[in-house]
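Peer 1: Input: one structure, supplied below.
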Amino acid sequence: MEVEEIILKLRHEAQTLAAHVPSARWYLFGSVIRGIRAPTDIDLLIVYKRDSDARELRQGLEPFSQSLPLHLLFLRRDEESELHFVEEQQAIRIFPTKRSAVPSGSNDSTTESR
């Protein structure tokens, strides 16, 4: 599966779950954005506000994770701020975005807002 297709599927799922957890920010990181041809999993970070948001997101993603090999990481906003995970991993924010189109060359971390 190509990175662009993965991003589209994840954005669609994020949009669906945003009805319940609108403040969550979704990021890709790891081999899927580094241009590895056949990554074994899709590293997805979701940054959330409240612990109840994480529970809601996990439950909502459970059926979806059956179709994609997701490796999920959840961090509260304060945890991410302390760890600087997004910056250190050069993660790409895929939702919400200011642009609706999937960027060409999605492995370039400058194409999406962090």
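Derivation of every value follows stated rules applied to the coordinates shown; laboratory data play no part. This one's a predicted model, so the numbers in the text were calculated from it and none came from an experiment. In this analysis, Cβ positions are derived from the backbone assuming ideal geometry, glycine residues included, and neighbour counts consider all displayed protein chains.
Peer 1: Given a cut-off of 19 Å, what percent of all Cα-Cα pairs of the chain lie beyond it?
Peer 2: 40 percent
Peer 1: Given points 7 Å out from each Cα along the Cα-Cβ axis, report the residue 84 to residue 65 separation in nanometres with one decimal.
Peer 2: Using points 7 Å along Cα→Cβ, the separation is 2.9 nm.
Peer 1: Could I ask something else about it? Packing-wise, with mean Cβ within 10 Å as the measure, how do 91-98, 59-66 rank, highest first?
Peer 2: Peptide ranking by packing, descending: 91-98, 59-66.
Peer 1: So, one more: Write down the percent of antiparallel bridges among all DSSP beta bridges whose residues are both part of the stretch 20-104, to the nearest 5. Show your work: numbers first, answer last.
Peer 2: Details: 8 of 15 bridges.
Here the share of antiparallel DSSP bridges comes out near 55 percent.
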